[in-house]
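Contents: one structure, followed by commentary.
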Amino acid sequence: MFTAGMALMLFGGLFFVNRALAETAKPVTKAGERLVTIYDRGVERTIVTKARTVREALKLARLSIDERQDVVEPGLDSEMVAERYNVNIFRARPVTIVDGGKRLRVTTAQQTPVLIAKAAGLEIFNEDKTTLTKADNVAVDGADMVMRVERALAVNFILYGKTSTIRTHAKTVGELLKDKHITLKKDDTLSVDLSSKIVPGMKIELWRNGKQTVTVEEEVKFETEKIKDANRETSYREVKQAGENGKKNVTYEIEMKNGVEVSRKEIASVVTKESKKQIEIIGTKNAVMPYTGGGSKDQWLASSNIPRDQWGYAEWLVQKESGWNPNARSRSGACGLAQALPCSKVPGNPLNPADSLNWMHGYVMGRYGSWEKAVAHSKARGWY
C-alpha cells in the first residue's frame, strides 16, 4: 500500500537526484576559464581552456588548420571573452561541379553552392538551380561531393521600351510572364505568341499602344582635338590622350500602334558620365624627298655661297658632320650635308646640297664669324 511516508521518501529521493544531476551539468570552470565546443568532421569535442583566441584554443586541442583552404568560424584570431564558445571547422574537400556539359573540380571548404561556384570561378544567378549531394561513385566523380547546376535560360526582354536580361526555367512565354507576375492589359501588344517556346537568347517585346515615355542609355561620343606640329612630317600622328565615350540617359515620347513604333521625340536628356576628349599631335611638315641629283663636293661647293678660299675649312667640317652624304640623317633627327637640327631650319630642301651648304654658311658666319673658327671649335668640342 502506497502511504504518505513513502511518497515523501520518493519525493525527497527525486529532489536529491535532480539536484545532483543539475550540479553535474554545471560547467566545471575556474576564473578565466571557458568551455569551448569544437565541431570538426562531424565530431563534437569540448575543452576547458584559458585560451584568449580561437587559434590558441585549437592549438591546445591539438587540431591543425590549413589556413589556405580550411574555414574556421569564428575566425582564428577572434578573441574569446564569454564563458562558452562554439567553434566550427569546415575542412577543404574536393567537389565536382557539373554545369551543363562542363565538369570541373575544385577543392574548397565552402558549404553553400553559391560560394563553392565562386571558388571555382563560376557565377550562379538567382534563377539557376543547384543541388549539392554526396557522390554516387567517387571513382567516377573524382570527389566525395557533387554539385549540379541547372541553368536558367537568358531572355532579352523589352518591357514598355526598357531592355533587360531575365533568366527563367519557364517552358513558354506565357509561363514566363506568369512567373514574373506580368499581366497583359487590353492595349498591350506582345511580339510573340504566349505559346511560343523559350529558347536561349530569345527576344521578347511587350508594348502598350498609344503614347508612352521610355528612357534609354546612350553613348556620348568624345571630341577630338588635333594639335598641329610644324616640326613633324605629315605622316606623323600621336595620340597624346586617349578619348573615352560618355553616357547619358535619354527620355523619349514614343507612339505605338499595333506593336509598331510610329513616332519618337526626345523630351529629356541627362549626362551620367562626361566624355573625355582625345588629343592628337598631327605633323604638318611636308615630307623631305631624298636627293637624287648626283654631283661632286666641288660642284656642290661651287653652287653654294661659300667663298672659294673657305672651301678647305668647309670640306673638313662637312666631312666630319655627314661624310658628304646629302641624304645623311642622325638618330637625333639632324639631316643633310650640314646636319641641321631640326631639318626645317634649312630653307628649301634640307637634303639638297646647295640649300644645305647655304644654310650652313649663314650659320657658321653668324655664330663664329669665319669657317676657320668653326673648325677650331669643332676640333675642341666635337660639334660646331
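The values are calculated or read from the model by the stated rules, or taken from the named source; none is laboratory data. Since this is a predicted model, take the numbers as computed values, not measurements. Because the Cβ atoms are built from the backbone with ideal geometry, glycine has one as well, and the counts that use them run over all protein chains shown.
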Regarding Glu56, is this residue at pLDDT 90 or above, loosely packed, with under 10 Cβ neighbours inside 10 Å and of a type in the set (Asp, Glu)?
no
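From the set of residues in the range 203-257 that are part of a loop (DSSP other than H, G, I, E, B) and polar (S, T, N, Q), which is surrounded by the most Cβ atoms within 10 Å (Cβ to Cβ)?
Ranking the qualifying residues of the range 203-257, first place goes to Asn209.
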Would you list the helices (runs of 4 or more DSSP H) that sit entirely within the range 84-202 and hold 2 or more residues that are more than 36 Å from the chain's Cα centre (by Cα), within 30 Å of Asp66 (Cβ to Cβ) and not assigned by TED's automatic domain parsing to the domain that holds Glu73?
138-141
Selection status of Ile267, farther than 30 Å from Ser332 by Cβ, assigned to a strand (DSSP E or B) and more than 26 Å from the chain's Cα centre (by Cα):
yes
Note on the range 47-83: residues out of contact with any Pro (no Cβ under 9 Å at 6 or more places or on another chain) and in a strand (DSSP E or B) are Ile47, Thr49, Thr53, Val71, Val72, Glu73, Glu79
